[in-house]
1. Taking the condition buried (at least 23 other Cβ atoms within 10 Å of the Cβ) and either acidic (Asp, Glu) or free of Cβ contacts under 8 Å to residues at least 12 places away in the same chain (or both), does A:GLU446 pass?
2. Would you check if there is a residue in segment A:379-394 being at positive phi, surrounded by fewer than 16 Cβ atoms within 10 Å (Cβ to Cβ) and either away from RNA strand B (no atom under 13 Å from the Cβ) or not in a helix (DSSP H, G or I) (or both)?
3. Only residues that are part of a helix (DSSP H, G or I), within 11 Å of RNA strand B (Cβ to nearest atom) and hydrophobic (A, V, I, L, M, F, W, C): list them for segment A:232-272, please.
4. Look at segment A:35-58 and say how many of its residues are surrounded by fewer than 19 Cβ atoms within 10 Å (Cβ to Cβ) and either without any contact (Cβ under 8 Å) to a residue 12 or more places away in the chain or not in a loop (DSSP other than H, G, I, E, B) (or both).
5. Quick check, is A:ALA4 part of a helix (DSSP H, G or I), under 27 Å from A:ALA291 (Cβ atoms) and at pLDDT below 90?
6. Quick check on segment A:166-185. Is at least one of its residues in a helix (DSSP H, G or I), touching a strand residue (DSSP E or B) at 6+ places or on another chain (Cβ under 7 Å) and either within 10 Å of RNA strand B (Cβ to nearest atom) or within 23 Å of A:ALA291 (Cα to Cα) (or both)?
7. Restricting the search to segment A:321-362, which residues are among the charged types (D, E, K, R), over 22 Å from A:GLY267 (Cβ atoms) and either more than 10 Å from RNA strand B (Cβ to nearest atom) or in contact with a helix residue (DSSP H, G or I) (Cβ under 7 Å, 6 or more places away or on another chain) (or both)?
8. So if I check each of A:THR27, A:THR68, which one is more than 12 Å from RNA strand B (Cβ to nearest atom) and surrounded by fewer than 22 Cβ atoms within 10 Å (Cβ to Cβ)?
Amino acid sequence: MGAADRFYIATPIFYVNDVPHIGHAYTEVAADVLARWHRQSGVDTWSLTGTDEHGQKILRTAVANGVTPQEWADKLVESAWKPLLDTIDIANDDFIRTTEQRHETVVQQFLQKLYDDGFITEGEYEGYYCVGCEEYKQNDDLVDGVGEFAGQRVCAIHGRPIEVLKEKNYFFALSTFQQKLLDLYESQPDFIQPASLRNEIVSFVRRGLDDLSISRQSFDWGVRIPWDDSHVTYVWFDALLNYISAIGWGSDDENFSRRWPAVQLVGKDIARFHAVIWPAMLMAAGLQPPAKVFGHGWLLVGGEKMSKSKLTGIAPHQITEVFGSDAFRYYFMSAISFGQDGSFSWEDLSARYQAELANGFGNLASRVVAMIGKYCDSVVPAATDVTDADRRIEQVAADALAGAQRALEAFAIHDAIASVWTLVDELNGYLTEQEPWKVAKDPALEGRLHTILSTAAEGLRALAVLLSPVMPQATQKLWVALGAEAALGGLREQRIPDAARWGQLPAGAQTQPLGALFPRIEAE
RNA sequence: GGGGCGGUAGCUCAGCCGGUCAGAGCAGUGGACUCAUAAUCCAUCGGUCACGGGUUCAAGUCCCGUCCGCCCUACCA
């Protein structure tokens, strides 16, 4: 099976201790739209997401809450992360947790293989250790001391001097992969996208790589190092392996070779792990690197990256409760150039909802379905008197599809939506020009009336298919209202490449009343 | 300190290799229309493309400098 026939997309897995915010949701929605689009294009598609549950932070919060780390993780997965996927209507094929047996087994197998092949060596890790926190600190976590500790670097949390501690660690020979990585970036220029991120990564790798410490001795919430159970695996090394553990590496070779390699969708902050460490790990194990690492931008609130400490973090449900999940998906996918940072504001969301969804697409659906109800007894009419104006709609639909496919290939989700939207705009203009409400008054023009409404209904049929990956709920309602569910089968079974083929919605299909797809939202 | 990205109409942003590139959407204004969620359609107002130099026949578009903003600098999408 060729690369074009299959599509495996993976999101980063959520660190369970985080609080879900719209940034997490943004990544998920993007992956979901890409997956749904490919699936409906007839591509053998698999989409994966999940949770990252090991590490000291989780251990500590679990202890603070008086439960075991596993219980703590279980609780967060069920109360926060799986509900997030429902909130934004994600249709993932699998959900992997790093505490699952299927994952831990793979981590150990993988480590053992690298160890046996000489890619893992013993070394000594030297770091700043805060006794209060009971953990090693990065330089960022330190501040200048005051008072009796003036002149020293101290822990930002405890304000006390840190100790320099040494610990035996196992190291992954990352440094030996520098040239191989550079060769990869060179031979596969779109391995890292967008280009700005690629440049960043390339120059980072050129500066040289250190071996990576991949084990910890100071706590025990993690996957045991198979040949030395006094160590647990470094969380990132553990977490990255989810992308292959979930598809059966080491246990189901057939499925593994069917799915791998993956497109990795990541926030640009963790691109380094995915575009440097991860491919190196795979190379060490003799596996193909990911197909692509695509780094999307940040959601900015008030011009700055969202953050909890600045209280700009927004929970996805705050948005979906007001506007619905379709609007959430549409807004972030259409308003932001995928790959670049984008501003979020309630005002912008609200304005676009009103202008584009309620007044644009939603109202178009309303007026067409209402006219078929009113002038044609709720039966889709036949196009018997076709003019250039009607053919033009057909052409716009074909162009919209072609443009969307081109854009999607390049992961330009916003451009794909814009291309589809040309059909929304064209249909609204078409109705205004054709004035079916006037044509309806003259019995002699019945053929034209039917043709106009048939064309409009057919256009809506195409829109329902093309927009279903972005707005599964509204398009489903429209699909049923058009009588398409009964006449053509389920919306999800419709093939995107066929979406612009005219004349699919048969004359005689029974339409049903359609409530507002995107009801007006009164100002709060 | 080093690195990245950005500064284009009131707002959010397109503008790839320099030559209809001064644009889109929204907001504003005027008009048309009534099938529809007072919605749609047409027209229109609006910018010395951050600032200063330079290269060029020609520069938002390349080069240098300055100012401003954001981000990264090994474990936050």
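The values are calculated or read from the model by the stated rules, or taken from the named source; none is laboratory data. Given the structure is predicted, the values throughout are model-derived calculations rather than measurements. Cβ coordinates were reconstructed from backbone atoms using ideal geometry, including for glycine residues, and neighbour counts include every protein chain displayed.
1. When the stated conditions are applied, A:GLU446 does not pass them.
2. No, the conditions are met nowhere in segment A:379-394.
3. Listed by number, the residues that qualify are A:VAL235, A:TRP236, A:PHE237, A:ALA239, A:LEU240, A:ILE270, A:ALA271.
4. Adding up the residues that qualify gives 2.
5. When the stated conditions are applied, A:ALA4 passes them.
6. yes
7. A:GLU321, A:ASP326, A:ARG352
8. A:THR68
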